1. When you scan segment 91-100, do you find a residue that is touching a helix residue (DSSP H, G or I) at 6+ places or on another chain (Cβ under 7 Å), part of a helix (DSSP H, G or I) and closer than 21 Å to Ile28 by Cα, even just one?
2. Return only the number of the condition from (1) without any contact (Cβ under 8 Å) to a residue 60 or more places away in the chain; (2) in contact with a helix residue (DSSP H, G or I) (Cβ under 7 Å, 6 or more places away or on another chain); (3) under 21 Å from Gln138 (Cα atoms); (4) not hydrophobic (A, V, I, L, M, F, W, C) that Gly75 does not satisfy.
3. Taking only segment 1-26 into account, find how many residues are within 16 Å of the chain's Cα centre (by Cα) and loosely packed, with under 12 Cβ neighbours inside 10 Å.
4. Looking at Lys94, is it free of Cβ contacts under 8 Å to residues at least 40 places away in the same chain, buried (at least 20 other Cβ atoms within 10 Å of the Cβ) and at negative phi?
5. Of the conditions (1) over 25 Å from Leu110 (Cα atoms); (2) crowded, with 17+ Cβ neighbours inside 10 Å; (3) of a type outside the set (Gly, Ala, Ser), Asn60 satisfies every one except a single condition; which number is it?
6. Kindly evaluate Ala109 against the criterion of being modelled with pLDDT of 95 or more, loosely packed, with under 15 Cβ neighbours inside 10 Å and among the small types (Gly, Ala, Ser).
7. Take the residues in segment 29-72 that are without any contact (Cβ under 8 Å) to a residue 40 or more places away in the chain and among the β-branched types (Val, Ile, Thr); name whichever of them is farthest from Val113 (Cα to Cα).
8. Could you please find all residues in segment 67-91 being farther than 26 Å from Val44 by Cβ and crowded, with 16+ Cβ neighbours inside 10 Å?
Amino acid sequence: MLRFFLLFLSIQLSLFGLNMLNWVQQHIVLPWTATLAKICSSLVVWFDETASAQGKVLWNTATGFGVSIEAGCNGIEACIVLFAAIIAFPSSWKHKLKGFVYGFIAIQALNVVRVISLFYLGQWNMSVFNFAHEFLWQGLIMLDVLIVWLLWVRAGAKEREANEPPPSDEPPAPPLVPSAPRMGHGEGSVSHSLDLSPHVRPRPSV
């Protein structure tokens, strides 16, 4: 457990360091954030034609209210935590790859719900918006990370059990009991022809 914890922390710090690099921000983080805003707007327009996306901002064309998807709100940090836990936990790389794919989908799906809900909460009540943005959704996203990781660990355990050979139904053989060595003829027996009674020397006559 200590090895997992230390490895998890070191991988997490390394991934967060990579995330802060300018090249990663320009070519991965910002394009994904803009894509996330477009995904949210494409879902919202099904029931609200006033929603639109411009860059990383989801905004209402009628009221002018908008939410900007910044760092910490695009789901990348949550994915980093999940990916670090998956890499640190002992399992096959095939199973790790499944965790990366399904975990990313699960986190980003919930994050889409998060962005859309905050978009409408901000238009309704800013106090509720601030509470949901700073506390409620932060906890829910990390809870999602924990649940996904636990489900991934459980799936890996079931996969290992399925690959193990079934136990044999035959009872185990009894242990061998060493037999006493046979003695040759006459060995270990007392000769009855020997006189073992003490001899008394005759007293000299006076």
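The values are calculated or read from the model by the stated rules, or taken from the named source; none is laboratory data. Predicted model, so just to flag it, every value in this text is computed and none were measured. Quick reminder, even Gly has a Cβ in these numbers, built from the backbone with ideal geometry, and neighbours come from all protein chains shown.
1. Yes, because at least one residue in segment 91-100 is touching a helix residue (DSSP H, G or I) at 6+ places or on another chain (Cβ under 7 Å), part of a helix (DSSP H, G or I) and closer than 21 Å to Ile28 by Cα.
2. Checking Gly75 against (1) without any contact (Cβ under 8 Å) to a residue 60 or more places away in the chain; (2) in contact with a helix residue (DSSP H, G or I) (Cβ under 7 Å, 6 or more places away or on another chain); (3) under 21 Å from Gln138 (Cα atoms); (4) not hydrophobic (A, V, I, L, M, F, W, C), the one that fails is (1).
3. Within segment 1-26, the first condition is being within 16 Å of the chain's Cα centre (by Cα), and the residues that meet it are 1-12.
Now drop any that are not loosely packed, with under 12 Cβ neighbours inside 10 Å, which leaves 1-3, 5-6.
Number satisfying all stated conditions: 5.
4. Considered against the rule, which asks whether it is free of Cβ contacts under 8 Å to residues at least 40 places away in the same chain, buried (at least 20 other Cβ atoms within 10 Å of the Cβ) and at negative phi, Lys94 comes out as no.
5. Asn60 satisfies every listed condition except (1).
6. It is true that Ala109 is modelled with pLDDT of 95 or more, loosely packed, with under 15 Cβ neighbours inside 10 Å and among the small types (Gly, Ala, Ser).
7. Thr61
8. Those that are farther than 26 Å from Val44 by Cβ and crowded, with 16+ Cβ neighbours inside 10 Å: Ile80, Val81, Leu82, Phe83, Ala84, Ala85, Ile86, Ile87, Ala88, Phe89, Ser91.
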